[in-house]
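Below: one structure, written as structure tokens.
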Amino acid sequence: MFYVQRRRSDLATDRALSAPVTAKSIMPRPKRRSPAPTVWPSASTRKLKSAIRNPMGRVICVANQKGGVGKTTTSINLAVLLAIAGQRTLLVDLDPQCNATTGLGHQPTARHPLVDSRPLRESFIQTYETGLSLLPGSRSFQDVDALANSSDAHSTMLATHLTGSLGSFDTVLIDCPPSLGPLTRTALGSASEVLMPIQCEYFAMEGLTQMIEVIRQVIDRSGSRLTFGGILLTMFDATLELTAEVEREVRDFFGEVVFQNIIPRDVAVSEAPSHGLSVVDYAPRSRGSRAYVELCQEVLERV
Ligand code: ADP
Ligand code: MG
């Protein structure tokens, strides 16, 4: 595809031509601990400030056992936007497919940092967005196997490893693999909230009962601080009656847990990772970019 072959320098020219709309003009970048931008409603400003002061930090696990529902896309875009909003953010790539790592223009590591004995912070990568660090994934079969088949004791150790290294971030996003295996359970056990993307398609609700049961088990575990952060409808296509039906069904069933903002199907959203960029940086004027900006504000309001 042509866009895969385009270089970053072409992009820079494209982006300069499309000035003055930039990611920064859409989502002002406050200095940490300084007043939030006045364009935000005062309630969200208050909540943002309290989130920044929260010593425990937010750990948002982006999970759904289905593949292709928008977990990685949401993780990348939300992580970049939270960093632009002034949050010190870490994106953890837990999926052996490593799409969050490559989608931000980085290479997977030889060994997965989570099975490595070195402290996790030694594996953090600084991304192109100031304020956003990445814990890259690994495709190593051996490590993936070790992570995927880890026993309960091993999972607890991983959770400790993970949470022990998160203190220096305001928000941590974990991009989960498409399964309900030990890796996803470990991520849920380390998280303060779970964000579940659902694709607006026919089988959207299938398998959700299982997923919700796993979330409930983790919430019931002693010491867990997991809450249900929200359900996000993705790849919405206004021209299809089916997607509107899926929205109605999901909202009727889950009520307020469903985010007001919906992510539309937009080719810019799917092109952005091939340039190693978020959609707000790749195509700030696109519908997808605006939808993720609004989602980010909603996530900040839901502290
Ligand atoms: P998951 O991580 O759940 O497997 P991805 O985020 O990788 O899902 O998304 C699956 C595919 O759908 C990817 O090719 C991605 O680029 C594409 N995609 C995701 N969200 C959108 C969207 N809003 N519009 C168009 N394509 C999308
Ligand atoms: Mg993924």
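The values are calculated or read from the model by the stated rules, or taken from the named source; none is laboratory data. On a predicted model such as this, the values are computed, not experimentally measured, just so you know. Here the Cβ positions follow ideal geometry from the backbone for every residue, glycine too, while neighbour counts run over all protein chains shown. The accessibility values were calculated without ligands, DNA or RNA, using every heavy atom of the protein model including side chains. Shrake-Rupley method; radii C 1.70, N 1.55, O 1.52, S 1.80 Å.
Structural remarks
- Solvent-accessible surface ranking, highest first, for GLU206, GLU271, GLU301 at 1.4 angstrom: GLU206, GLU301, GLU271
- Residues in the range 200-229 that a label on LEU240 would reach, taking backbone N under 13 Å of a point 7 Å out along Cα→Cβ: 200-205
- Residue ranking by accessible heavy-atom surface, 1.4 Å probe, largest first, among ARG302, ARG287, ARG58 comes out as ARG287, ARG302, ARG58.
- Largest to smallest accessible area among GLU247, GLU256, GLU213 [probe 1.4 Å]: GLU256, GLU213, GLU247
- Note on PHE141 and MET205: the model spin-label points, each 7 Å out from Cα along the C-beta direction, lie 4.1 nm apart.
- Annotation: amide H of GLY137 within the under-5 Å range of ASP93, THR101, THR109, sequence separation 5 or more or interchain, hydrogens built in the peptide plane.
- Over all other residues within a Cβ to Cβ distance under 15 Å of GLY137, the charged ones net out to -3, with Lys and Arg as +1 and Asp and Glu as -1.
- Label-point separation in nm, SER222 to SER168, each point 7 Å along Cα→Cβ: 3.4 nm
- FRET efficiency, ARG302 to ALA110 (Cβ-Cβ, R0 22 Å, nearest 0.05): 0.05
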